[in-house]
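The next block holds one structure in the form of structure tokens; read it before the comments.
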Amino acid sequence: MSILNEISEMMQRGRVAMVKELIGKALEEGISAKSILQDALLPGMDIIGEKFKNNQVYVPEVLIAARAMNAGAEILKPYLIEEGVKDKGTVVIGTVKGDLHDIGKNLVKMMMEGKGLKVVDLGVDVSADRFVEAARENNANVIACSALLTTTMGEMKNVVQKVKENKLNLKVIIGGAPITKSYCDSIGADGFSSDAATAAELAMSFC
Amino acid sequence: MTSFELVSKTIKGEPTPKTPLYGWVSFNMSDKICAKFGCVENFEDHYEFDLAHIFGGPAYHNTAAISQLHEQHIEITPEVYLNIPLPPVDNMDGYSSIINTLDFYKKSRKRFCYLQTNGIFECLNEVFGIENHLMYLLLYPEELKMVYQRQAEWNRKFALNAIELGVDMIHVSDDWGGQNNLLFSKELWHDMIYPYHKITCDAVRNSGAFLSLHSDGHILPLIDDIIKLEYQLIHPWQESAAMPYKEYLTKYSEKIAIMGGINIQSTLGFGKYEFLKAEIERVFATLKGKRWICCTSHFVQEHCSIDELIYAYDLAYKLAKQ
């Protein structure tokens, strides 16, 4: 097994120490940070995302893989800057105003990072104005809104309206337990996803 | 027939003259209900609620020590947590609210009283944080089992103390489901959760009290094991989380009762009265007499108006009696 495959394998199993050790070894062998990221970490996270979508793995497996990926990416960060590697796009993500649930949003964030996207996480209880402000500050390609409650999902419509009012050149995607395709269409959002892995793919398609 | 008898018979699957009625209305709706009815108890009396949902009891973890660690940004792993003793479960001062509530609902109203308790997973989410907790299931399984064992013993004693005070049913709250699937694999649940639920379940069933489970989300793959644990009632059977009533009626209604039916996520509280009426009628037509207690699927949300709540319960009350 090549060292890149080994890194990918260990990352999928959530083995932080092994991932760090193998990345150090790969860098010593002269493998570029870009290659480690693009040929080991990101494909590994893709596999986890696909398995999650197909109910082959569950939330704990995704969480430990994402933790290992972040540990690896942290080591690679200075090398990637040196090599001039850029993010594939920027997403501003948050749970909408009035809603304090964040596990779904966090899963989406991890999947998006696993695609090589820069994700600006605004946390929970985020107003439409704050989404727009952060998107502008970060020159985002996508705003991703999450809601668990039917009582809060109405705020997504405000986000879409604010984006239009401010003439921002970006896409708004939405997700969460009560969200449906028809709701997405009714508020004029650009896309909706019923699971974290598909949300990341959707965001990628807009970057 | 008293409410206690009605609910007991329903849970056991015996014929009853009406459908038991209840609702999780007090949490968000108290002010609106009080303005219209004087107090929540008057609302409950007006609709002849058959159950009382009781909260309270001693603290189940050392709040001060946990807060201190959180403030210091120290990660509370299972190993760290095992060094923090649990508060005493036999300190009866912690049970005063349970005693007072039982006095009111059980003695004077003859209602079926069930006590909310935290399941092994839910009660440790506050300590670890849910995401860390989910990761610890895979990262520190052996240490986590030791934490669960300790907590399960505490939960068992708490349940038995409450039963001794007169609680009719121990209601274990432990969310295991997502919108379309389990939060963790069935195998992991079996290895990590099942044995520590069994400790409380066995104790409660051996005492002769009733036993129920609350879990939001899709838990269909676990129903057989939930029955094996001798849970007698599930709240809610969440139709909106890919748990069709048909599945319940064809496979499980002989073995376990369900409570719910008035969906607060999509039905009650949206001002769509015709839809609300049609939904309540549909649920009654589907579940009435099938080991079912009519109740809200969760706490009624604060966006529900008092008029809509009254509209829903006027109808449910009428249908329950038919």
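The values are calculated or read from the model by the stated rules, or taken from the named source; none is laboratory data. Everything numeric in this text was worked out from a predicted model, so none of it was measured. Quick reminder, even Gly has a Cβ in these numbers, built from the backbone with ideal geometry, and neighbours come from all protein chains shown.
What to note about this one:
- Within the range B:221-271, the residues that satisfy the criterion of being modelled with pLDDT of 95 or more and among the β-branched types (Val, Ile, Thr) are B:223, B:226, B:227, B:234, B:250, B:256, B:258.
- Count of residues meeting criterion [of a type in the set (A, V, I, L, M, F, W, C), closer than 17 Å to residue B:245 by Cα and not in a helix (DSSP H, G or I)] in the range B:278-305: 4
- Scanning the range A:113-127 for residues that are of a type in the set (A, V, I, L, M) and part of a loop (DSSP other than H, G, I, E, B) returns A:117, A:122, A:124.
- Verdict on residue A:56 being surrounded by fewer than 17 Cβ atoms within 10 Å (Cβ to Cβ), of a type in the set (S, T, N, Q) and modelled with pLDDT of 90 or more: yes
- Here residue B:198 clears all of (1) modelled with pLDDT of 95 or more; (2) under 27 Å from residue A:58 (Cα atoms); (3) in contact with a helix residue (DSSP H, G or I) (Cβ under 7 Å, 6 or more places away or on another chain) except the condition numbered (3).
- Each residue in the range B:138-161 was checked for being in a helix (DSSP H, G or I) and farther than 21 Å from residue B:211 by Cβ, and 10 pass.
- Which numbered condition residue B:275 fails, given (1) buried (at least 17 other Cβ atoms within 10 Å of the Cβ); (2) out of contact with any helix residue (DSSP H, G or I) (no Cβ under 8 Å at 6 or more places or on another chain); (3) within 14 Å of chain A (Cβ to nearest Cβ): (1)
- Any pair with Cβ under 8 angstrom, 6 or more apart, that starts in the range B:130-153 at a residue that is facing chain A (nearest Cβ under 8 Å) and ends at one that is outside any helix (DSSP H, G or I): B:134/B:183; B:134/B:184; B:135/A:14; B:137/B:184; B:138/A:14; B:139/A:14
- For the range A:55-98, residues that are of a type in the set (A, V, I, L, M) and within 14 Å of chain B (Cβ to nearest Cβ) total 10.
- Restricting A:124, A:91, A:108 to those that are β-branched (Val, Ile, Thr), crowded, with 24+ Cβ neighbours inside 10 Å and modelled with pLDDT under 90 reduces the list to A:108.
- Meets criteria (modelled with pLDDT under 95 and within 23 Å of the chain's Cα centre (by Cα)) for residue B:305: no
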